[in-house]
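Participant: Have a look at the structure that comes next, please.
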Amino acid sequence: MLYSSINNPKIKELAKLKQKKYRDKQGLFLVEGAHLVKEAYESGFLEELLILEDKEFSLDTKTSYITKNVLKYLSDVETPVGIIGVCKLKNTTITGNKLLILDSVQDPGNLGTIIRSSAAFNIDTIIINDKCADPYSDKVIRSSQGMIFKTNIVKKDLYDYLKEIKGKIPIFGTKVTGGKNIKNIEKFQTFAIIMGNEGKGVDEKLLDLCDEYLYIPMNSKCESLNVGVATSIILYELTK
């Protein structure tokens, strides 16, 4: 089928998926480009493929065609390539022994980087709160380079969840003062590590539930690291 009008009811509904409230309501989100669409397809997220008319791209899934004006209406990038995937949100549960907990990480680029590093360093589940950036926004998905489809992400009330696991697995927080050098930390097969907001760090009431605090040693020229970079370093050290 060819969609040629931005006033088509289905196209209007798909365009709404650019907004988080509609992604949550419909249980769907959009991805763009061959790489991300293939990642979504191989991971079982892809529901439908929308391709610019006369463009060649084939997957064994429901496929529709769109005109340039519809592509521009649906796209979130300056120069769209003509391949859009309609993907389903997956209902996930916390699984595994290596948990990354994110307290109000609000920058989409940082969250995308963290998702990518989590996939690289074998984190089983990322747990976020409702103040984090939406992992299914276009910017986060692009920053993750498709690793969003290979990562288990669950939204929780972090304080309640930490109280639930307290005493069952080691909980690490990040703290510049009073922490242990990450290079000297004992390696665990099971752990939860909390990373905090770009400006405020980890909430104090969450830090109070930690068993141990960690910090990354650096020279005096730099006061702190970007949370995406810091998370990547810590995950490498904890899982190497």
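Values in this text are rule-based calculations from the coordinates and carry no lab data. Everything numeric here is computed off the predicted structure, so don't read it as measured data. Glycine gets a Cβ as well: all are built from the backbone with ideal geometry, and neighbour counts include every protein chain shown.
Participant: Sum -39500 (n - 2.57) across every DSSP H segment of at least 4 residues in the chain, then divide by the residue count to get the 222 nm mean residue ellipticity, nearest 500. Intermediate values should be presented prior to the final figure.
Facilitator: Details: 9 runs with 74 residues, N = 240.
Only helices count here, giving -8500 deg cm²/dmol.
Participant: Another one. Evaluate the distance, in nm, between pseudo-label points positioned 7 Å from the Cα of His35 and of Asp60 along their respective Cα→Cβ axes.
Facilitator: 2.6
Participant: Still on this model: Could you give me the radius of gyration and the Dmax of the range 159-240, taking only the C-alpha atoms into account and expressing both in angstrom?
Facilitator: Rg then Dmax for the range 159-240, in Å: 12.5, 40.
Participant: Right, here's the next one. What does the charge count around Asn69 come to, taking other residues whose C-beta lies under 14 Å from its C-beta (Lys +1, Arg +1, Asp -1, Glu -1)? Can you show the working numbers first?
Facilitator: Values: positive: Lys12, Lys68, Lys72; negative: Glu53.
In short, +2.
Participant: What per residue convex hull volume, in Å³, do the alpha-carbon atoms of the chain yield?
Facilitator: Values: hull volume 32.3 nm³, N = 240.
Spread over its residues, the Cα hull of the chain gives 134 Å³ apiece.
Participant: Can you compute the label reach from Ile6? Point 7 Å from Cα along the Cβ direction, backbone N cut-off under 14 Å, restricted to the range 33-70.
Facilitator: Backbone N within reach: 67-70.
Participant: How much net charge surrounds Glu164 when only the other residues with a Cβ under 13 Å from the Cβ of Glu164 are counted, with Lys and Arg +1 and Asp and Glu -1? Working shown, then result.
Facilitator: On the way: positive: Lys156, Lys163, Lys166, Lys168; negative: Asp157, Asp160.
Within the 13 Å Cβ shell, the charges total +2.
Participant: I need the Kirkwood Rh of the range 2-88: take the reciprocal of the average 1/r across all distinct C-alpha pairs and report it in angstrom.
Facilitator: Working: mean 1/r = 0.0780 Å⁻¹.
Here the Kirkwood hydrodynamic radius works out to 12.8 Å.
Participant: Taking a virtual spin label 7 Å from the Cα of Lys183 along the C-beta vector, which residues in the range 214-240 bring their backbone nitrogen under 11 Å of it?
Facilitator: The answer is 217-219, whose backbone nitrogens lie closer than 11 Å to the label point.
Participant: Need the C-alpha centroid separation for the range 1-24 versus the range 32-82, integer Å.
Facilitator: That distance is 13 Å.
Participant: Evaluate E = 1/(1 + (r/R0)^6) for Lys240 and Asp24, where r is the Cβ-Cβ distance and R0 equals 41 Å; express this FRET efficiency to the nearest 0.05.
Facilitator: On the way: r = 36 Å, r/R0 = 0.89.
Step by step, r from the Cβ atoms, then E = 0.65.
Participant: Follow-up. What is the set of long-range amide H partners of Leu28 at a cut-off below 5 Å, with H atoms built 1.01 Å from backbone N?
Facilitator: Leu89
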